[in-house]
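Enquirer: Pasting a structure below so you can have a look.
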Ligand SMILES: C[S@@+](CC[C@H](N)C(=O)[O-])C[C@H]1O[C@@H](n2cnc3c(N)ncnc32)[C@H](O)[C@@H]1O
């Protein structure tokens, strides 16, 4: 489908179709890349997220289906959803999904990587969300003007000590700074929580994607927040933690 730029129906409808020399070369190149472990999404440059086709390059993490639980959780939150920021936007997956679902919201998206911001902007343009999302190349929430109703993030949360347990394809081909947070895994989240607290309005929400490995230390870091709740993914792994900033600090 990638080589012929066609859909599955075309392949079934045209079993007699033979590849040209160019198509055959393209197919063999793609196959060789995949054989050395390059994720299919970096070969085709596409990944679907929340019903949208996104461009992905090796500068961004390939959006994962379990991250859609973050979107579902934002949508069921109580309270205003007028001003939202996605921290560590990568391909722009979360920011775009929220722009799609919340047409009245002002959406901001940050990333420390200039190359990731470039991909996210391209995705916003492809889906006609350029005027809906403001991109900022910055460290976490540095320079963003409060108050926000919601801070949402799928930050790097894998510890370098767990590196041996991470799939080889992820280790070799996805951006290290998108996956690993530091020696234990909670380093980025530990910095993000106080920054979110400073920029959320009272009763505003913080939502983080997490893993089973870090859920307990993340709960500890959220000491003093209200309504701390964890949602599990379809494999029953703790995946989304949400917490509400107290009315009075
Ligand atoms: C796990 S990826 C998530 C990408 C995307 N949000 C998704 O869910 O597919 C984490 C992202 O955070 C970015 N990042 C890492 N450290 C950061 C920091 N200090 N400030 C802002 N972004 C950061 C990385 O560049 C990467 O794009």
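Enquirer: Given region 1-85, what helices (runs of 4 or more DSSP H) lie entirely inside it while holding 3 or more residues that are within 12 Å of the ligand (Cβ to nearest atom)?
Expert: Working: elements: 8-13, 21-35, 40-44, 68-76.
By residue number, 68-76.
Enquirer: Something else about it: Out of all the residues in region 40-53, which are under 21 Å from residue 176 (Cβ atoms) and touching a residue at least 40 places away in the same chain (Cβ under 8 Å)?
Expert: At the first step, the residues of region 40-53 found to be under 21 Å from residue 176 (Cβ atoms) are 40-43, 45, 47.
Result: 42, 43, 47.
Enquirer: Among the residues of region 4-30, write down those that are loosely packed, with under 12 Cβ neighbours inside 10 Å and within 29 Å of the chain's Cα centre (by Cα).
Expert: Once the filter is applied, which keeps residues that are loosely packed, with under 12 Cβ neighbours inside 10 Å and within 29 Å of the chain's Cα centre (by Cα), region 4-30 yields 5, 7, 8.
Enquirer: I'd like the full set of residues that are within 25 Å of residue 63 (Cβ to Cβ) and in a helix (DSSP H, G or I), limited to region 192-209.
Expert: 192, 193, 195, 196, 199
Enquirer: Taking the condition of being within 16 Å of the ligand (Cβ to nearest atom) and within 20 Å of the chain's Cα centre (by Cα), how many residues in region 190-211 meet it?
Expert: Residues of region 190-211 within 16 Å of the ligand (Cβ to nearest atom): 190-196, 198-199, 206-211.
Subsequent filtering for residues that are within 20 Å of the chain's Cα centre (by Cα) retains 190-193, 195-196, 206-211.
Summing the residues that are within 16 Å of the ligand (Cβ to nearest atom) and within 20 Å of the chain's Cα centre (by Cα) in region 190-211 gives 12.
Enquirer: With the requirement that a residue be surrounded by fewer than 14 Cβ atoms within 10 Å (Cβ to Cβ) and more than 24 Å from residue 80 (Cβ to Cβ), what does region 143-168 give you?
Expert: The answer is 161, 163, 164, 165, 167, 168.
Enquirer: Taking only pairs six or more apart or across chains, which ones have beta-carbon atoms under 7 Å, a first residue in region 16-33 that is within 17 Å of residue 6 (Cβ to Cβ), and a second residue that is assigned to a helix (DSSP H, G or I)?
Expert: From residues that are within 17 Å of residue 6 (Cβ to Cβ), the pairs are 19/27; 30/43.
Enquirer: Next question. What are the residues in region 172-181 that are assigned to a loop (DSSP other than H, G, I, E, B) and either more than 19 Å from residue 117 (Cα to Cα) or near the ligand (Cβ under 8 Å from one of its atoms) (or both), if any? Reasoning before the result, please.
Expert: Step one: list which residues in region 172-181 are assigned to a loop (DSSP other than H, G, I, E, B), which gives 174-175.
Within region 172-181, just 175 meets the criteria.
Enquirer: Of the residues 184, 189, which is under 24 Å from residue 164 (Cα atoms), in contact with a strand residue (DSSP E or B) (Cβ under 9 Å, 6 or more places away or on another chain) and not in a helix (DSSP H, G or I)? Can you show your working first?
Expert: Values: 189 fails: not in a helix (DSSP H, G or I).
Answer to the selection: 184.
Enquirer: Enumerate the pairs (first residue in region 107-118 and modelled with pLDDT under 95; second residue anywhere and near the ligand (Cβ under 8 Å from one of its atoms) and assigned to a helix (DSSP H, G or I)) with beta-carbon separation below 7 Å, excluding pairs fewer than 6 apart on the same chain, so at least 6 apart or on different chains.
Expert: none
Enquirer: Given (1) assigned to a strand (DSSP E or B); (2) loosely packed, with under 15 Cβ neighbours inside 10 Å; (3) in contact with a strand residue (DSSP E or B) (Cβ under 7 Å, 6 or more places away or on another chain), where does residue 247 come up short, assuming only one miss?
Expert: Of the numbered conditions (1) assigned to a strand (DSSP E or B); (2) loosely packed, with under 15 Cβ neighbours inside 10 Å; (3) in contact with a strand residue (DSSP E or B) (Cβ under 7 Å, 6 or more places away or on another chain), the odd one out for residue 247 is (1).
Enquirer: So, one more: Before we move on, is residue 111 within 14 Å of the ligand (Cβ to nearest atom), under 17 Å from residue 176 (Cα atoms) and buried (at least 19 other Cβ atoms within 10 Å of the Cβ)? Even if it seems obvious, please write down each step before you answer.
Expert: Details: within 14 Å of the ligand (Cβ to nearest atom): yes; under 17 Å from residue 176 (Cα atoms): yes; buried (at least 19 other Cβ atoms within 10 Å of the Cβ): yes.
Criteria met by residue 111.
The values are calculated or read from the model by the stated rules, or taken from the named source; none is laboratory data. Quantities reported herein were computed from a predicted structural model and do not represent experimental measurements. No Cβ is skipped: glycine too gets one built from the backbone with ideal geometry, and neighbour counts run over all protein chains shown.
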